[in-house]
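In what follows, a single structure is set out as structure tokens and then discussed.
The values are calculated or read from the model by the stated rules, or taken from the named source; none is laboratory data. Please read all numbers here as calculations on a predicted model, not as lab measurements. Backbone-built Cβ (ideal geometry, glycine too); neighbour counts: all protein chains shown. To get the accessible areas, we keep the full protein, side chains included, count just its heavy atoms, and leave off ligands, DNA and RNA. Shrake-Rupley method; radii C 1.70, N 1.55, O 1.52, S 1.80 Å.
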Amino acid sequence: MLVAVTLANLVVYSSVDEANARKILNAFVEETGVGVDFVFLSSGPALARIEAEVNNPQADVWFGAPLENHIIAKERGLTQPYKTLSVYGVSPEFYDVEGYYHPIYMNPLGIGINTAVLEQIKASMPVTWEDILSTSLSRMIQYPNPQSSGTAYSLITGLIQIYGEDGAIDYLKKLAPNIQTYTQSGTGPSKAVGPGQVAMGIQFTPAFFQFMEQGYPVKVVFPKEGVPYEVASVSILKGARNLTDAQKLIDWVVSKAGQQQIVNQQTYFYPIRSDVDFGSLQPLSTIKLLPVDPVWAAENKTRLIERWINEVLPY
Amino acid sequence: MAFRSEETRNRLLNLLKDPVLLLTIIIIFAALAIFIVYPIFKVFSASLIDKNGQFDLSAYTKAFSNRYMRQGFFNSLLVAGLTAFFGMLIGYIFAYTINRTDIPLKGFFRTVAVLPIVFPPFIGALSIIMLFGFNGFITAGIFGIRNFPVYGLWGLMMAQVVCFFPVAFITLDGVIGTISPTLEDAAFNLGANRWQAFRKVILPMSIPGIASTMLVLFIESLADFGNPLILAGSKFPVLSVQAYLQITGMYDTRGGAALAVWLLFPSIVAFIIQKYWVGKKKYVTVTGKPTTSVLKSVNRPVKWLLFSLCMLMAAFTLAIYATIFWGAFVKAWGMNNTLTLENFRYVFDVGLEAIKDTLIIAFTSTPISALLGMVIAFLLVRKIFPGRRLMEFTSLLSFAVPGTVIGIGYILAFNTKPFLLTGTLAILVLNFVFRYVPVGIQSGVALLNQVDPAIEEAAYTLGADNRQVFTRVTLPLIVPAFFSALVFAFVRAMTAISAAIFLVSARWNLITVQILSQSDSGRLSEACAFSVILIAMIMAFILVLKIFLKNKVSLSGSESMGQG
Amino acid sequence: MSLILKNVRKVFTSYSVETVAVDNFDQVIEKGQLVTLLGPSGCGKTTTLRIIAGFEIPTSGRVLLEERDVTNLPPNKRNISMVFQSYALFPHLTVEENIAFGLKLKRLDRSEMRRKIVEMTDLVGLKGLEKRRPDQLSGGQQQRVALARSLVMEPSVLLFDEPLSNLDAKLRETMRLEIRRIQQEVNITSVYVTHDQVEAMSISDVIVVMNQGKVMQIGSPFDIYARPENSFVADFIGRVNFIDGTVESVDGDTVVVSAGATGNKIIGKRGTELVPGKPARVVLRPESLSDRKEERINSLSGKVLKYVFLGSNVEYELELSDGRKINAVTYNPVERKLPVVGRETELYFSRESAWVIRV
């Protein structure tokens, strides 16, 4: 029945948001002729699903979700390795040398600012992380809860690169009076920033660019001390039924052609190759990136989040 | 004792003489075991058994050694309690005002009071923020308040009260509507003033209804997921969201399952109290002709006070919907009010498949759910068979189980042989069928209890077997319950999210999941447009049914249960 | 032999308390008979009827219908029809469709069905109402539909469960004559449950008086009234005076009872086994007492306490010398004089009307 018809198609669990996943995967379909079915699942549910389905995988590929999640998937034996030749020219912190996961794009974390609200409360545009500690921004910032969102955890690990662990916790404590709410989801802040229910939100930036495109008065600032970033990755699931096409997808998306499509399709994602044309994106060279060791980040996650819950949240 | 065994033997012989009945009972038991009990069992076992297959309680001790999680547990109870109280109160005011005063616009109030049954997930909560946030149209726009605590207890409670007070209204409308006005006449006659008549007559008679309503709201609030995800914020953790986040944010299925089990306890306790204690008490003892006495229950000032309160609530409810519609038709919600149809073009471009899938799933699952509800109601009310109580309990159980738990249970249970269902249409349909069947059972049982059993007995003596009695007599008689169940299951299937989010697949997707993913990626207006389409489709469905059945169906005909 | 109940017993258990609803009911009902189960509410009469119908399963005992054991047959396979107190018409069907309901299940052909429906509507007097729905009919008409619907099935036994108690008094009288007429016309074996003794008397071939699950007496209406076997039956059917005393002598059918403190001797008819020297009870109907001696050999005297003039008769209460109170009725009071309150009066009754039973 249905299964027979769709067996030919590559089944993708996409943790890239629907519209952008559609753009990227359509480009892939056009260039390679491979049929693709995909379903949107944000990274948490996707991992839960993949884990629950391990004995009978429903999908071939997990597309999107930060690299850290793909490390977990690898450790739990949910994925299988594939060494693509396309990784030549890609910076090694973006991929797994064993070939379990591969980069799709990267997103720097930034501060999204609703300029209308900023004017309303007569505050100035921040340039640094220190700037947003200003009392004029009292209850005017949202960022996600690290307990529920990988975005917020990236923020913590990034800040640790700048301030050291205690310094980062201390910084977030000082930031606490300016927080309107910690949102449950990683993209929550943009939903309040766009329609002007808060002045600033801290999260990965594509959603802010999306709001800009739609005409919301939103600007994005990358603080000059540096920002963490996420690498959205892709893995082939263990037991994938359509292995050939899955490998084709990996080959394509890491290749120069695939990366150029990330820009051309107006996804507002940053390519992981430097040999592509960045178009209208703020050049990567002007943003200071803070690399975080994913293994260290994963090992310390529970402990750091506990610290955040106990030391930052009560303020 | 010898006598009893002979009776049992006779009873069994009787049952065996009726293979259709026997088979139906067996099939229903099997289905309930597989699609309700087994997934819940899977969640329990997932939380109790570690990776190596060893029994292990650490997930529980871990979850509750954490102050934050304990806080979540108490917050859940707190917000559930408050929602239950205020939801009931507003529902009661609506029901009382509509039934006991001669205010104008009764039809309008009735409609508004049931409207939030169609509360689009996430977007409903977001529009609360649009109304009460920093630049909220009500708080900032009207009152100039900038720091209204919309995130946390108050915002969440407000959303839940709006979302669930229709349940209260529908139940209490039925309760107050059947208290004969002549009782108040009698009270006046005996020298009571209006307040005394209310306090000594109307209020005591509606106590079971009030208690039952509050317990139902309590359960709904505990299970609610869409509203707290947006509105609770991290300073006010609630357990349903924490369980979800534990699984989806910390990648800890065992811990999440343990939290879910904790959530299950108060829910089941409330359910048992509602079912077996409050539910036993008759709401009203009055039967016979509804006497239309001249309404004089309240004096003029009180009447207009009640009218104003209802109007306020109605305005609030409508404001939420207006906000959603407004979001769907403008370029940038709250920022750029240029009218546009672009959002809908986008929705039909990106979401057409999801809309089709949603309709297919809803249209498949709702008639099955409603019919199954009627069959189970018939068996429960009219048949005596071993395990009848058990069937009743399990069939209503899924109402008390939060959607997140059921969703996790379904993927755990139906991903391996012999029940290999993940990724299929069937898993979504089955989930919806069994999640929303309690609604059908409840309304079927309620209606069947009002139908003289002699009518069916007459059919038996005229030679009809069980199947013929059910199809030719029972079903035609409880057709209103059938259609309320149909409407309700349809609404819930269209707006479900918490369980469904785990069950959608590449081939079968839902509008609600689209709303979530669109708003996650910053396309709020598109998410609003999806919501508008969702509301429009549900309204169209109800309208068609109404026209088709000549107004015999309404949302208020059903006792609502089980939030998606 | 149409219907046989063999030692039928039914025990209800609720919260482990056992209630005996029907205790060893044993009865043979002949073809064409109308047997009434009569008793106060809760006496087990309806349960018995429902056991016959198949709605209740007996705790023990068998039900035999035309020599076939139907104890374990579901109601729809017994060929027994039932007329309910609440009429139980199908509200979504017309009169005609109600009557045709069972015929359709039997897959009768159309012309045959039509013929039977016309015949039935004629028999029960529903002509012209065929297209109406139940809610457009009066109570009496509804009960006629229920009757027609059952009769058209030509059942082996027709059951009636208090069919007239939802009707007003006038209609009740016409309808019970009507039911009896139709029952005799089609000669159908019937079991009829009622708590109304007048109804039972006027309609039955045989009355079964029940109390607390037990059969108290089975007999013709005349026997039940004139020859009760125990105090319950005597008291339940009609009005009665009990005069308790001691058996002095028994001679065949004739008993002499010494009636307690008054020292009166009453010569009565023996109703049950009686032993001289043991207590006995004289059952005396108020209308058996007369102020004229004529052939009557027994007498009682007492003071008139009060009386009620009812036109066709006078009811009065007499206080005997030992303080016991006796009710009496005299007919045609216009011809006779009214009693005078406080006056000492002598009343007479015959040997035949003093029915003596064991206490």
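So, in nm, how far is label B:Trp304 from label B:Asn66 when the simple model puts each one 7 Å beyond its Cα toward the Cβ?
5.5 nm
Can you list the lysines whose alpha carbon is less than 23 Å from that of B:Lys275, not counting same-chain residues fewer than 8 positions off?
B:Lys383
Tell me the accessible surface of A:Asp293 in square angstrom (1.4 angstrom probe, heavy atoms of protein chains only), to the nearest ten.
90 Å²
Accessible area of segment C:1-51 with a 1.4 Å probe: how many percent of it is carbon plus sulfur?
The value for segment C:1-51 is 51 percent carbon and sulfur by accessible area.
What area, in nm² and to one decimal, does the C-alpha convex hull of the protein assembly as shown cast on average over all directions?
59.6 nm²
Taking the full set of protein chains and a 1.4 angstrom probe, give the accessible area of C:Asp122 in square angstrom, rounded to the nearest 10.
Taking all protein chains as shown, C:Asp122 has close to 80 Å².
Considering the Cα positions of chain A, please state its Rg to one decimal place and its Dmax as a whole number of Å.
19.6, 63
So if I place +1 on the C-beta of Lys and Arg and -1 on the C-beta of Asp and Glu, and nothing else carries charge, what would the dipole magnitude of segment B:18-548 be about its Cα centre? I want it in debye, nearest 20.
Values: 37 positive and 21 negative charges, 177 e Å.
Once rounded to the nearest 20, the dipole reads 840 debye.
Taking the Cα atoms only, what angle lies between the long axis of helix C:95-105 and the longest principal axis of chain C, rounded to 10 degrees?
The answer is roughly 70 degrees.
Could you tell me how far the Cα centroid of segment B:39-59 sits from the Cα centroid of segment C:130-160, in Å?
The distance from the Cα centre of segment C:130-160 to that of segment B:39-59 comes to 62 Å.
How about segment B:23-70: which trypsin sites (Lys or Arg not before Pro) there are in a DSSP loop, with at most 16 other Cβ atoms within 10 Å of their Cβ?
Those that pass, being in a loop and sparsely packed, are B:Lys51.
As a test question: what accessible area, to the nearest 10 Å², does C:Leu310 have when a 1.4 Å probe is rolled over all protein chains in place?
Its accessible surface works out to 90 Å², give or take rounding.
Taking R0 as 22 Å, what's the FRET efficiency between C:Val275 and C:Asp23 from their Cβ-Cβ distance, rounded to 0.05?
It comes to 0.25.
Within 10 Å of each candidate Cβ there may be at most 15 other Cβ atoms; applying that plus a DSSP loop requirement, which chymotrypsin sites (Phe, Trp or Tyr not before Pro) in segment B:109-149 survive?
Those that pass, being in a loop and sparsely packed, are B:Phe143.
To the nearest 10 degrees, how steeply does helix C:139-151 sit against the main Cα axis of chain C, on a 0 to 90 scale?
Tilt relative to chain C: about 70 degrees.
Distance check, please: which entries in C:Lys104/C:Lys131; A:Lys224/B:Lys235; C:Lys77/C:Lys116; C:Lys293/C:Lys337 exceed 25 angstrom between their Cα atoms?
Going by Cα-Cα distance, A:Lys224/B:Lys235 fall outside the 25 Å limit.
B:Lys200: which lysines have alpha carbons under 21 Å from its alpha carbon, excluding same-chain residues fewer than 8 sequence positions away?
In chain and number order, the partners are B:Lys281, B:Lys282, B:Lys296, B:Lys303.
Distance cut-off 21 Å, Cα to Cα: go down the list C:Lys6/C:Lys269; A:Lys191/B:Lys331; C:Lys10/C:Lys214; A:Lys219/B:Lys331; A:Lys23/A:Lys301; C:Lys278/C:Lys303 and report the pairs above it.
C:Lys6/C:Lys269; A:Lys23/A:Lys301; C:Lys278/C:Lys303
Of A:Ser42, A:Val87, C:Val209, whose Cα points farthest to the positive end of the dipole of the protein assembly as shown (charges on the beta-carbon: +1 Lys, Arg; -1 Asp, Glu; origin at the Cα centre)?
Value computed over the given set: C:Val209.
Please calculate how many Å² of accessible area chain C carries per residue, with a 1.4 Å probe and no DNA, RNA or ligand atoms counted. Working shown, then result.
On the way: 16080 Å² over 359 residues.
Heavy-atom SASA per residue in chain C reads 45 Å².
What helices in chain B pass both tests, a Cα length along the helix axis of 27 Å or more and a mean Kyte hydropathy of 1.0 or higher, using whole DSSP H runs?
B:153-177, B:203-223, B:253-273, B:300-329, B:352-382, B:425-450, B:524-548
For the residue pair C:Glu352 and B:Leu318, what label-to-label distance in nm results when each label sits 7 Å from Cα along the Cα-to-beta-carbon direction?
Once both label points are built, they end up 8.7 nm from each other.
Round to a whole number: what % of the accessible area of segment B:413-546 belongs to carbon and sulfur, probe 1.4 Å?
Of the solvent-accessible surface of segment B:413-546, carbon and sulfur hold 66 percent.
Specify the inter-centroid distance of segment B:401-436 and segment A:268-315, based on alpha-carbon positions, in whole Å.
36 Å
Would you work out the charge dipole size for chain C about its Cα centre, treating the Cβ of every Lys and Arg as +1 and the Cβ of every Asp and Glu as -1, and quote it to the nearest 20 debye?
So the dipole magnitude of chain C works out to roughly 660 debye.
Where both residues lie in the protein assembly as shown, what percent of DSSP beta bridges are antiparallel, nearest 5? It would help to have the intermediate numbers written out before the result.
Details: 88 of 123 bridges.
About 70 percent, rounded to the nearest 5.
Leaving ligands, DNA and RNA out of it, rank A:Val220, B:Val79 by accessible area with a 1.4 Å probe, largest first.
A:Val220, B:Val79
Just the number, please: percent antiparallel of the DSSP beta bridges in chain A, rounded to the nearest 5.
Just about 60 percent of them are antiparallel.
How far apart, in nm, are the 7 Å Cα→Cβ label points at C:Thr13 and B:Ser58?
4.9 nm
Could you give the dipole magnitude of the protein assembly as shown about its Cα centre, charging the beta-carbon of Lys and Arg +1 and that of Asp and Glu -1, in debye to the nearest 20?
Using only the charged Cβ atoms, the result is roughly 2200 debye.
To test your reading of the geometry: what angle, between 0 and 90 degrees and rounded to tens, separates the Cα axis of helix A:43-52 from the longest principal axis of chain A?
Roughly 40 degrees, rounded to the nearest 10.
Straight-line reach from B:Lys42: which aspartates and glutamates fall under 17 Å, measuring Cα to Cα and dropping same-chain residues less than 8 apart?
Cross-link targets: A:Glu51, A:Glu53, B:Asp50, B:Asp56, B:Asp252.
Using the charge dipole of chain C (Lys, Arg: +1 at Cβ; Asp, Glu: -1 at Cβ; taken about the Cα centre), state which of C:Pro91, C:Ser288, C:His195 has its Cα farthest towards the positive end.
Positive-end residue among those listed: C:Pro91.
Quick check on chain C: of the DSSP beta bridges with both residues there, what percent are antiparallel, nearest 5%?
Rounded to the nearest five, the antiparallel share is 75 percent.
How big is the B-A contact in terms of buried accessible area, both chains counted, 1.4 Å probe, rounded to the nearest 100 Å²?
Values: alone 24960 and 13770 Å², together 33270 Å².
Adding both sides of the contact gives about 5500 Å².
Helix-only estimate, please: 222 nm mean residue ellipticity of the protein assembly as shown, summing -39500 (n - 2.57) across DSSP H runs of length 4 or more and dividing by its residues, to the nearest 500.
Taking each H run of at least 4 residues, the total per residue is -15000 deg cm²/dmol.
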